[in-house]
1. Only residues in the stretch B:117-134 that are in contact (Cβ under 8 Å) with a residue 40 or more places away in the chain and assigned by TED's automatic domain parsing to the domain that holds B:Glu88 count as the first member; pair them with residues that are among the polar types (S, T, N, Q) and assigned to a helix (DSSP H, G or I), Cβ under 8 angstrom, at least 6 apart or cross-chain, and list the lot.
2. Does the stretch A:207-222 contain any residue that is more than 13 Å from chain B (Cβ to nearest Cβ) and touching a Cys at 6+ places or on another chain (Cβ under 9 Å)?
3. Do we find a residue being modelled with pLDDT of 80 or more, surrounded by 13 or more Cβ atoms within 10 Å (Cβ to Cβ) and in contact with a strand residue (DSSP E or B) (Cβ under 8 Å, 6 or more places away or on another chain) anywhere in the stretch A:499-521?
4. Conditions first: (1) surrounded by 14 or more Cβ atoms within 10 Å (Cβ to Cβ); (2) closer than 30 Å to B:Ile429 by Cβ. B:Leu534 passes all but one, so which condition is the exception?
5. Can you confirm whether B:Tyr227 is in a helix (DSSP H, G or I) and either open to solvent by less than 10 Å² (accessible area, probe 1.4 Å) or at positive phi (or both)?
6. For B:Lys295, indicate whether it is in contact with a strand residue (DSSP E or B) (Cβ under 9 Å, 6 or more places away or on another chain), open to solvent by 50 Å² or more (accessible area, probe 1.4 Å) and within 14 Å of chain A (Cβ to nearest Cβ).
7. Residues being part of a helix (DSSP H, G or I) and within 23 Å of B:Leu386 (Cβ to Cβ): count how many of those fall in the stretch B:403-440.
8. Being surrounded by fewer than 21 Cβ atoms within 10 Å (Cβ to Cβ) and under 21 Å from B:Thr186 (Cα atoms) is the filter; apply it to the stretch A:236-272 and report the residue that is nearest to the other protein chains (Cβ to nearest Cβ).
Number of protein chains: 2
Amino acid sequence: MAKVKKAKPKAKKTKKKTAGARKSKVRLRSKKAVAPATAESMAAKQRSISVSEFFAKNRHLLGFDNPRKALLTAVKEAVDNSLDACEEAQILPDLLISIRALDDSKFVLTVKDNGPGIVKSQIPNIFARLLYGSKFHTLKMSRGQQGIGISAAGMYGLLTSGEPVQIISRTNPKKKAHHYHVQIDTVKNRPEIVLDEECDFDLPAGTCVTITLEGKYQKGRQSVDEYIAQTAMANPHATIRYNAPDGNNYEYPRQTENVPRVPIEIKPHPYGIELGVLFKMARESSAKKLAPFLKNEFSRVTPRVAGEICHKAKLRETLRTSSITLQQVEKLHAAINQTRIMAPATDCIAPVGAEQLEAGLARVVEADFYTAYSRSPSVYRGNPFLVEAALAYGIKTNGSSETNKEPLMRLIRIANRAPLLYQQSACAIYKAIMDINWRNYALSQSRGALPTGPVMVMVHIASVWVPFTSESKEAIAHYPEIIKEIQLALQQCGRRLGIYLRKKKRIQQEMDKRRYIEIYLPYIGEALQEILTLRKSQVDTVVSKLKRILERSRKI
Amino acid sequence: MAKVKKAKPKAKKTKKKTAGARKSKVRLRSKKAVAPATAESMAAKQRSISVSEFFAKNRHLLGFDNPRKALLTAVKEAVDNSLDACEEAQILPDLLISIRALDDSKFVLTVKDNGPGIVKSQIPNIFARLLYGSKFHTLKMSRGQQGIGISAAGMYGLLTSGEPVQIISRTNPKKKAHHYHVQIDTVKNRPEIVLDEECDFDLPAGTCVTITLEGKYQKGRQSVDEYIAQTAMANPHATIRYNAPDGNNYEYPRQTENVPRVPIEIKPHPYGIELGVLFKMARESSAKKLAPFLKNEFSRVTPRVAGEICHKAKLRETLRTSSITLQQVEKLHAAINQTRIMAPATDCIAPVGAEQLEAGLARVVEADFYTAYSRSPSVYRGNPFLVEAALAYGIKTNGSSETNKEPLMRLIRIANRAPLLYQQSACAIYKAIMDINWRNYALSQSRGALPTGPVMVMVHIASVWVPFTSESKEAIAHYPEIIKEIQLALQQCGRRLGIYLRKKKRIQQEMDKRRYIEIYLPYIGEALQEILTLRKSQVDTVVSKLKRILERSRKI
């Protein structure tokens, strides 16, 4: 009911606007040409845009550009939130994902977790307000970061089905759970509460989100099924049950009992910080003087380093930051990049680890050869990040379509333990792979295409701030530092693959050679017998000696 | 000065926050593990995020992920604004783009136009506030649409150089021009005015924007130079002068004197409108009753069509829209898609036109064969759009790197007359090309790669709302309807190419055959002479006859 009341005043507002607009439009239509605009007429049209109006109109930015992808994105956002919540609260996640088909283009998605639950007062904002969250203002590794995901999924649901988001959440076994129906008011970017009641919940604590949305369920690559399988792989500590729309039920029991340690929140690393940002930070810093400012606001800046920077910049350590000038900051900026500063703390990033990555890959595909490599952390724009890569060769293609011709390299991309399924070719990982000459590693590759062969590559990027190319978090932006790290990790795997493949080839040749020896030795024996008129026994000894020598002469 | 005053209170605010944060962090560091979060502790961290904080941290979404691209993006945004303004005011654009290098990583970009100018009061918002503009709330073909571009460029400039944006604008030859220095307050997403004065301007009306930013100037593909060249090509009505950082000056005089007609603003087409959107529109419509609502709020809905829809939906034409239920809207939604409705008005889109497109392509590359094709408008999600494609074959590669092996197909992507240089492989145009089997058109293509050959393809998408994959407007989202249209346009060009190439091949063979005839006829003549003992003259006549017959027997 509240909704209708709210709607009224808006109706009036829009009335005035559209009325005006319509009159002018009628005029246009009449004489198929538009009066040239003036600075004044343009000024009259200038308006501010609410962030949810923006994303409602640009929903493809959020990963809702087609029904199949929309369904996946909604699942992804809900699952990310659940896993993040459990991790923060150090709970072993138990997820139940259920997708029910109302008809072939409309689905009810429910994701239920055993997390800490959400405080009542926050529920509406978290699920029906864009750019609202707990992770944006921190530098800390997590799946969600923007404060857009789940509320965007809810908004898409509302736009395509008209149904509000339903949330049941319980934070305390002693209290009852809260049951909310909320929907976003796109003009204001604020939540509207449609229903608010207490209810029962079968878990002591946890959250259950239900979104009704237009979508398309389809198996195969980029499917919800594959996404969930990869998620299970990247999160061995989680138990995930999944009821698919086609009636199939999947269960992925947890592989390990230990929760990934809570990533530590850090301050930015001085390297890669931009001039203007540094200027703003200094001006607004709570530390009155320059040296303490550097020490407090950045990671890895000891008093000694701070002093060194000030010295290099020819600035007093006691310079008042609130009145620092742009010129001074320019000097400071230059000085920072001339000073050797320790690499960023790694404990803010929780890598999966080379072994687990390799094991994970082994769980997905059966292959002859596996290798994995984990780089040490690096920095882009002041943000620490870490790249891990795993490679599998000799994959058994279980009767796939590409039986006759060599398949292209298959790619699994993971960012902060969340698999990326779309926009592969827009991703820094893809670019890194394309820029490597895989022929060096005994793979064939035609120009402008992925290398071919029964090979699968998995790359995981862990960072306190993964730079995605769009809010839909499908591909990683082309930061040169990141691409470089990916290449170094992949080349390491590539070299090992090359060694393996070349050795394999050599062994093959050896086998052939050995076969020849076996075939021809007897004849040689006979020949010797005739030439030297030896006795059978002598011949056998000679032959066996000969054989041993020939085999020893080979080095494998 | 204003800036410093503003800074103060913020400083205090942040102080409290960071202080709290730091304490907790210190604790973490001490015992390298984090206390598990609780629903309450998480709730405490929940905050809303300002849209400019969001984009400052995600500047790669806006096309500022590396210095080279950043420079291009800044130019692009400024140029788009200038061209749009001139078009709206029906002025033949005269643009001056100048990029001055302060050092090899810092540039001063100035873009000056002869447009209508900007009203004083609007300048700060337009240049130093995100999500503020005149085009977002209208359905109308224009380069800019989001209300982000130029303010984002200004923000990037501020972040990387600390310098505010400088604007000089004059709206009236009788008045003086206004000179502003403005910068964005990212926490509030509001402009801060650093300088505000009157000044002289050498044009009766126009705008001049200057941004100081970190960048990288580099020639070749994806360079500012190429962008400007393509812009000139896609906008034959504009004169563009460009002073490059390397001291070179380019001038692109206008090719035509007639301004593209002002695109007309339209209402959404009923096809592709989503259920929830329809629901919201109905609830908030100024038209009290159902039939008038449909007639007024949508394009191409005549009273008859409105009636038909209501009838199909089994709803009264006089139903009060303010109290319409979701169930009723569902029926309405279904009925709309069952009703035949005229295609959207085309006068809201100004295509370049097949001929001009072909001519444009001819200006860029010299080739043996050109063709172009312009589709009729179509609709995605209620937005009309139109696809045009041009193709050139037999390009003269002026000593490019790929001399030995066949080059990959070259691609020029244009959206609403603005060239797209980055993220080619993420673009719907790229996908459309990859999904076509170019072997059918006598081009060779290896799997997972663009076709090869001396061929260039240009695709232009004109729409009242181009769905870009990111705010940086570099690639078009994968809407199935759009991909389909692109393919149809390209296949048309492809068929013509196929015909041309096959004919060319046949002619080649003919030529060979003819040469054979010329070579062997004389001998045949001699043979005949011997066999039939003819006179020289007879032989000649026979031979010439024979030749004529043989040539006639060939069908070219």
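The values are calculated or read from the model by the stated rules, or taken from the named source; none is laboratory data. Every value quoted in this text rests on a predicted model; they were computed, and no experiment measured them. Here the Cβ is made from the backbone with ideal geometry for all residues, glycine too, and neighbour counts use every protein chain on show. For the accessible areas, the whole protein counts, side chains as well, though only heavy atoms, and no ligand, DNA or RNA atoms are used. Shrake-Rupley method; radii C 1.70, N 1.55, O 1.52, S 1.80 Å.
1. Pairs that qualify, where the first residue is in contact (Cβ under 8 Å) with a residue 40 or more places away in the chain and assigned by TED's automatic domain parsing to the domain that holds B:Glu88 and the partner is among the polar types (S, T, N, Q) and assigned to a helix (DSSP H, G or I), are B:Phe127/B:Ser151; B:Ala128/B:Ser151; B:Arg129/B:Ser52; B:Arg129/B:Ser151; B:Leu130/B:Ser52; B:Leu130/B:Ser151.
2. Taking every residue of the stretch A:207-222 in turn, none turns out to be more than 13 Å from chain B (Cβ to nearest Cβ) and touching a Cys at 6+ places or on another chain (Cβ under 9 Å).
3. yes
4. Failed condition: (2).
5. Numbers: in a helix (DSSP H, G or I): yes; either open to solvent by less than 10 Å² (accessible area, probe 1.4 Å) or at positive phi (or both): yes.
So B:Tyr227 fits the description; yes.
6. no
7. 10
8. Across the stretch A:236-272, the extreme among qualifying residues is A:Lys267.
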